[in-house]
1. Quick one: what pairs do we get from the range B:78-100, first residue at the interface with chain A (Cβ under 9 Å from one of its Cβ atoms) and more than 18 Å from B:ALA52 (Cβ to Cβ), second open to solvent by 20 Å² or more (accessible area, probe 1.4 Å) and in a loop (DSSP other than H, G, I, E, B), C-beta under 6 Å, 6+ apart or different chains?
2. Could you check the range A:3-24 and list, in sequence order, the residues that are crowded, with 16+ Cβ neighbours inside 10 Å and over 43 Å from the mean Cα position of the chain (by Cα)?
3. For the range A:324-332, does any single residue satisfy the condition of being assigned by TED's automatic domain parsing to the domain that holds A:LEU286 and either surrounded by fewer than 20 Cβ atoms within 10 Å (Cβ to Cβ) or not in a helix (DSSP H, G or I) (or both)?
4. Quick test for you: out of A:GLU307, A:GLU396, pick the one residue that is open to solvent by 20 Å² or more (accessible area, probe 1.4 Å) and away from ligand 2 (no atom under 16 Å from the Cβ).
5. Kindly provide the set of residues from the range B:1-18 that are away from ligand 2 (no atom under 16 Å from the Cβ) and either assigned to a strand (DSSP E or B) or buried (at least 19 other Cβ atoms within 10 Å of the Cβ) (or both), ordered by number.
6. Hey, can you tell me all the residues within the range B:172-197 that are open to solvent by 10 Å² or more (accessible area, probe 1.4 Å) and either within 13 Å of ligand 2 (Cβ to nearest atom) or in contact with a Leu (Cβ under 9 Å, 6 or more places away or on another chain) (or both)?
7. Consider only pairs whose beta carbons are under 8 Å apart and that are at least six residues apart or on different chains; among these, list those whose first residue lies in the range B:195-220 and is under 16 Å from B:LEU184 (Cα atoms) and away from chain A (no Cβ under 14 Å) and whose second residue is away from ligand 2 (no atom under 14 Å from the Cβ) and open to solvent by 70 Å² or more (accessible area, probe 1.4 Å).
8. Scan the range A:348-375 residue by residue and report those that are open to solvent by 70 Å² or more (accessible area, probe 1.4 Å) and of a type in the set (Val, Ile, Thr).
Amino acid sequence: MRASDTLSQAFGAIRSQPLRATLIILAMSIGIASVTLLTALGESARNYILYEFQSLGTHLIIVLPGRTETTGGQPPLFGETPRDLTLSDANALLQSRNIAAIAPINIGSAPVSARGLERETNILGSTSALRRVRHLTMAEGRFLPEMESDKALPVCVLGQTIKKEIFTGQKALGQWLRINDRRFRVIGVLASEGQSIGVGFDEIVIVPVASAQTLFNTESLFRILIEAKSKPAMYKAVTDINKIIKARHEGEQDITIITQDSIVSSFDEILTALTLTITSIAGISLAVAGVLVMNVMLVSVAQRTSEIGLLNALGASKAQLISLFLAEAAMLCLAGAILGLLLGQASVMVLQALYPSFSISIPPWALLAALVVSLTTGLLFGVLPARKAAKLDPVEALSKR
Amino acid sequence: MIQLKNIQRYFQVGDQTVRALDNITLTIENGEYISVMGPSGSGKSTLLNIIALLDHPTSGQYLLNNQDVTQLDDDALARVRRDNIGFVFQFFHLIPRLSAAENIEMPMILAGINRQERRQRVKKAVAAVGLSDRADHRPDQLSGGECQRVAIARATIMRPGILLADEPTGNLDSHSGIEIIELLERLNQGGVTLIIITHDQSLGDRANRQIRIIDGKIAT
Ligand SMILES: Nc1ncnc2c1ncn2[C@@H]1O[C@H](COP(=O)(O)OP(=O)(O)OP(=O)(O)O)[C@@H](O)[C@H]1O
Ligand SMILES: [Mg+2]
C-alpha cells in the first residue's frame with residue numbers, strides 16, 4: 001500500500017464523519033492554542049525583564065556593604081553591616097585599571113520644596129559618573145559637574161515627576177530648591193525614563209554625594225555602582241575591587257559584589273522555570289485532548305468493525321490496518337494543531353493590540369514544538385484503537401453488519 | 001487446487017464444544033464449479049471461511065496450490081488471500097462512504113498497485129459487470145443486485161484463481177439472483193474456480209458438483 005493512498009483513504013474516512021472530526025480538531029486546537037499562548041506570554045515576559053535589566057547599563061558592577069554568600073541574590077536587608085563603605089573606599093577603587101567609572105551612591109528621603117509647594121521624596125547623592133554608569137539622559141540643563149567627590153556643591157538635578165509637582169509647569173532650571181533646610185540650585189532635569197526596573201529616576205532628586213552625606217549626616221555609602229572597561233575586564237575588576245577593599249578594611253572582605261551578569265542569569269533561570277511550569281500546566285489540556293482522540297478513535301473502530309473485517313478479507317495486513325487508523329489520528333491532530341496555532345496567534349495579536357507596550361510573540365521553537373507534540377499525542381493515543389482494529393478476527397468482524 | 005485433509009473446526013461455547021466442521025477431507029481442482037448446500041448451522045460458512053483463509057482450522061491440513069497454508073502467519077495469509085481468493089458475501093460488505101469504483105479499487109490499493117493501472121482495471125471491471133454508468137454511485141444509491149455486482153467486480157479485480165460466494169443471492173429477488181449467478185458462472189467459464197453456498201436447490205443444481213454438508217460432515 002502506498003503512503004499517498006494511506007493518507008487519502010484516511011482522509012476519506014475523516015470526511016465521512018464530520019462531527020467526530022470537528023470534535024477532535026477542536027479539542028486539540030484548544031490544547032495547542034493554550035500551550036502556545038502561555039509559552040508566548042512566558043517568553044515575552046522573560047525577554048521584557050531581561051531587556052530591562054540589560055538596559056541598566058553594560059558591564060555594571062554593584063558593590064554593597066556587608067557580606068552575603070549568594071551571588072546575584074537580594075542584598076542583605078537586615079543584619080549588621082560590619083564596616084561602612086565610604087567615599088574614600090570608592091575613590092580608592094579608581095586604582096584598578098579595569099574600571100572605567102565609579103558612581104558612589106548615597107540615598108535617603110527628605111522633604112523638598114520650592115515656592116511653597118512641598119513633598120517628600122528620595123534624594124540620591126552621587127557624582128557625575130552616575131550619568132554614564134546608568135545611561136541617564138537629560139531633558140534640560142546638565143548633570144552634576146565633574147569635581148572632587150568630597151565637595152558639597154549646592155546643586156541638584158530633578159526627575160520629571162518632581163519637576164512637574166514642585167514647579168508645576170514653570171521653569172525649574174536655575175531656580176532654588178529647598179531640601180530639608182538647605183538650598184540647592186536646579187542645574188538640570190532628567191529625561192523621563194518611562195517604565196524601568198530599579199530606581200524610578202522620575203521621582204528623584206540627585207545631589208552631589210558629599211551634599212547628601214551632610215544632608216543625612218552619614219559617612220557611609222548605600223552602594224557603589226561601577227562600570228568595568230569591558231566585558232572581559234569585568235571579572236578582573238571584581239578581583240581588583242575585592243583586593244582593594246580588603247586592604248582598606250584590615251583584611252576583612254566585608255562587601256558583596258553583584259555583577260549584572262549574575263542578576264540577569266539568575267532572573268533568566270527563574271523566568272525560564274516559570275515559563276516551563278505554566279506551559280506544562282497548559283500541557284494538561286493537551287493530554288485531555290489526547291484522551292479524547294483515543295476515545296473517539298475507539299468508537300470509530302467499533303463502528304467500522306465490519307469495514308475492518310472486510311479490508312482483512314481483501315488482503316490487508318495488520319500493519320496496513322494500523323497505519324490506516326494511525327494516519328487518521330495523525331491527520332486529525334495535525335489539523336487541530338494548525339487551527340490551534342492560528343487561534344494562539346490570533347489571541348497574541350489581540351493581546352498585543354490591548355497592551356502595545358509589551359511585545360508578545362510566539363517563539364518559533366514553540367510553533368515547532370506544538371506540531372511535534374500534537375502529532376505525538378495523536379499517534380500515542382491512536383495506537384491503542386489502531387491495534388484493536390488490527391486484532392479483530394475477520395470472521396467475527398464480517399458477521400457484524 | 002484446494003486440498004483439505006481431516007479438517008476440524010471446533011468452537012468452545014461455555015463448557016460445550018460445537019463441532020462446526022468434523023473431519024472434512026475434500027479436493028477441489030482448478031476451474032471447478034461447486035455448490036455447497038445443507039441445513040442452517042451445518043457448517044457451510046465455516047468451511048468457506050477456512051478455504052478463504054479467514055479462519056484457522058482447529059486441526060487438519062490445508063494445501064492451497066500445494067502450499068501448506070496452515071503454517072502461515074496472519075500477514076502471509078493476508079497476502080495469499082489477496083492474490084488467490086475472491087470472496088462475495090451475502091450482505092455485500094461494500095464500504096458505504098466509497099463509490100462503486102472506489103470499492104472495486106480497494107484490493108488494488110492494498111496491493112500497492114499504481115494509480116494509473118488501478119483506474120484502467122476498475123474501468124474494465126465496471127464494464128464487465130455492466131455498471132459503467134453507475135461507477136460513481138455510492139452503495140446506498142445502488143440496488144441490491146447492483147451492489148452484489150460491485151462486490152463481484154471487487155472480488156475478481158486481483159484476478160484470483162478462486163472465487164468464493166457465501167449465499168450471494170440470499171438478499172436478492174430471484175431475477176437479480178439469477179443475473180448474479182450467471183455473472184459468476186461466466187467467470188467460472190473464464191477458468192476461475194467457483195464455490196457457491198446456497199439454500200436454493202435450483203441454483204445448487206446448476207453447479208457441476210454438489211457438496212452437501214450435514215452436522216459438519218460431508219454427506220454425498
Ligand atoms: N464464532 C462461533 N462461535 C461459536 N459457534 C460458532 C461460531 N461460528 C459458528 N458457530 C457454530 O458453528 C456451526 C456452523 O456455523 P456456520 O455459520 O458454518 O453454519 P452455516 O451452515 O453457514 O449456517 P447458515 O446456513 O445459517 O449460514 C453453528 O452451529 C454455529 O452456531
Ligand atoms: Mg452461513
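The values are calculated or read from the model by the stated rules, or taken from the named source; none is laboratory data. Not measured: the values here are computed from a predicted model. In this analysis, Cβ positions are derived from the backbone assuming ideal geometry, glycine residues included, and neighbour counts consider all displayed protein chains. When the accessible area is computed, the model is the full protein with side chains, heavy atoms only, and any ligands, DNA or RNA have been set aside. Shrake-Rupley method; radii C 1.70, N 1.55, O 1.52, S 1.80 Å.
1. B:ARG97/A:SER16
2. A:ASP5, A:THR6, A:GLN9, A:ALA10, A:ALA13, A:GLN17
3. No; the residues of the range A:324-332 include none that is assigned by TED's automatic domain parsing to the domain that holds A:LEU286 and either surrounded by fewer than 20 Cβ atoms within 10 Å (Cβ to Cβ) or not in a helix (DSSP H, G or I) (or both).
4. The conditions single out A:GLU307.
5. Once the filter is applied, which keeps residues that are away from ligand 2 (no atom under 16 Å from the Cβ) and either assigned to a strand (DSSP E or B) or buried (at least 19 other Cβ atoms within 10 Å of the Cβ) (or both), the range B:1-18 yields B:ILE2, B:GLN3, B:LEU4, B:LYS5, B:ASN6, B:ILE7, B:GLN8, B:TYR10, B:GLN12, B:VAL13, B:GLN16, B:THR17.
6. B:ILE178, B:GLU179, B:GLU185, B:LEU187, B:ASN188, B:VAL192
7. These pairs meet every condition: B:GLY204/B:GLN210.
8. The answer is A:VAL350, A:VAL372.
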